[in-house]
Amino acid sequence: MYQPKFTITPKINSQIAEIERLKFVVGQAAILPELAVQLRFRATVEAVHSSTSIEGNPLSELQVRKMLQGKIITAPDYAIQEVLNYKRGLDWVGKKNRFKSDLTAEEILELHKIVTDKLLPQEKSGSWRPGDVYVIDEIRGQEIIQYTGLEAKRVPGLVKSFLKWISVQLEESLHPVLAAGLAHFLFVSIHPFSDGNGRATRLLTYYFLKKWGYDFRDSLSLDGYYLQNRQAYYDSLSLGATFDDRIEADLTPFLSFFVRGFLETATNLSQYIKLGKPIKNGGKPVRLDADEMAILDYVYQFGSISIGEVIEILSLPKRTSQRRIMALVDKNVLRVVGKGPAVRYELKR
């Protein structure tokens, strides 16, 4: 059986320990019901927007949010379909995890069919690729082959071997976050489809994390981290020009990237989730309305927000938007940074 080469460095080890601490904190947090619902919705919006955006989808996060709220937006048909498909893929993962059975190759094909519905020719959607596949980048006006996938005839057997390998990892005491990271690297390196490999890989990674209890109450999405660090994401995956090169490579660089991203995302989530816990002054929880939660969603992802961005997100007049943002300052949730036109608002740690 395949034995990946990697080193659990002291830094990775300490990060895993911190992830375990945060998992306990989030798991034990007594949060308000409305915040729990909002956290799950925020994670869904972030996952759908970020994962499709990585592949070139032009929709903004605000447009994706509106779509998932059932609102009508004006955008290219393919972009809307891609977003709808990814949301259905997330729903499929949630449904699959309610059952205890192991993932099968046929179910992976089913997931791919959902993700690529009406985006690929029918014979390619939900099917292993029939021919060769290449990852090509354009550098200085020239197309350069960065990665050559394995022969198509090897794909079905390798996917089955991949699933068998996954099933024994936890029995060998490999930490679930490390196992999910390795699964991510291996599956995208197999590159089993004509298109949609990245989206399918990210959904499968979420499936494994959820199955192994590391979805942080359905509120954790790594896709935003991949998007914000897209070049580093690609670089960490580029550990060989062919599949055979990659499986012989030292995978520590990718695991370092993956674990660091998991920790950053979990840390931000733990800060965000504190808003739903009782606070000291009178033991009353901070209660937030939908507009305030939308503002915090933006701050959570981008680190800060301006009044102009509040206006865009809420689609409200400037004076009303100012009242909304100042309400969060008064509740001791956000703090003011800077003065005048350059003022921004950050999460108060």
For the stretch 64-80, which residues satisfy the criterion of being assigned to a helix (DSSP H, G or I) and either more than 14 Å from H49 (Cα to Cα) or not β-branched (V, I, T) (or both)?
-> R65, K66, M67, L68, D77, Y78, A79
Would you check which residues across the stretch 32-50 are crowded, with 19+ Cβ neighbours inside 10 Å and more than 19 Å from the chain's Cα centre (by Cα) and list them?
-> L35
Taking the stated definitions as given, is G56 within 16 Å of the chain's Cα centre (by Cα) and in a helix (DSSP H, G or I)?
-> no
Being assigned to a helix (DSSP H, G or I) and of a type in the set (D, E, K, R) is the filter; apply it to the stretch 4-33 and report the residue that is farthest from I273 (Cα to Cα).
-> K11
Restricting to helices (runs of 4 or more DSSP H) lying wholly in the stretch 82-195: which have 3 or more residues that are at pLDDT 95 or above and of a type in the set (D, E)?
-> 105-116
Does A179 satisfy being under 19 Å from L158 (Cβ atoms), small (G, A, S) and surrounded by 19 or more Cβ atoms within 10 Å (Cβ to Cβ)?
-> yes
Flagged in the stretch 319-342 as of a type outside the set (S, T, N, Q), outside any helix (DSSP H, G or I) and surrounded by fewer than 13 Cβ atoms within 10 Å (Cβ to Cβ), in numbering order, are V337, G338, K339
N13 being surrounded by 21 or more Cβ atoms within 10 Å (Cβ to Cβ) and at pLDDT 95 or above = no
Hey, any hits in the stretch 198-212 for a residue that's outside any helix (DSSP H, G or I), surrounded by 23 or more Cβ atoms within 10 Å (Cβ to Cβ), at pLDDT below 95 and not small (G, A, S)?
-> no
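The values are calculated or read from the model by the stated rules, or taken from the named source; none is laboratory data. As the structure is a prediction and not an experimental result, all values here were calculated from the model. Please note: Cβ atoms are built from the backbone with ideal geometry, for glycine as well, and neighbour counts cover all protein chains shown.
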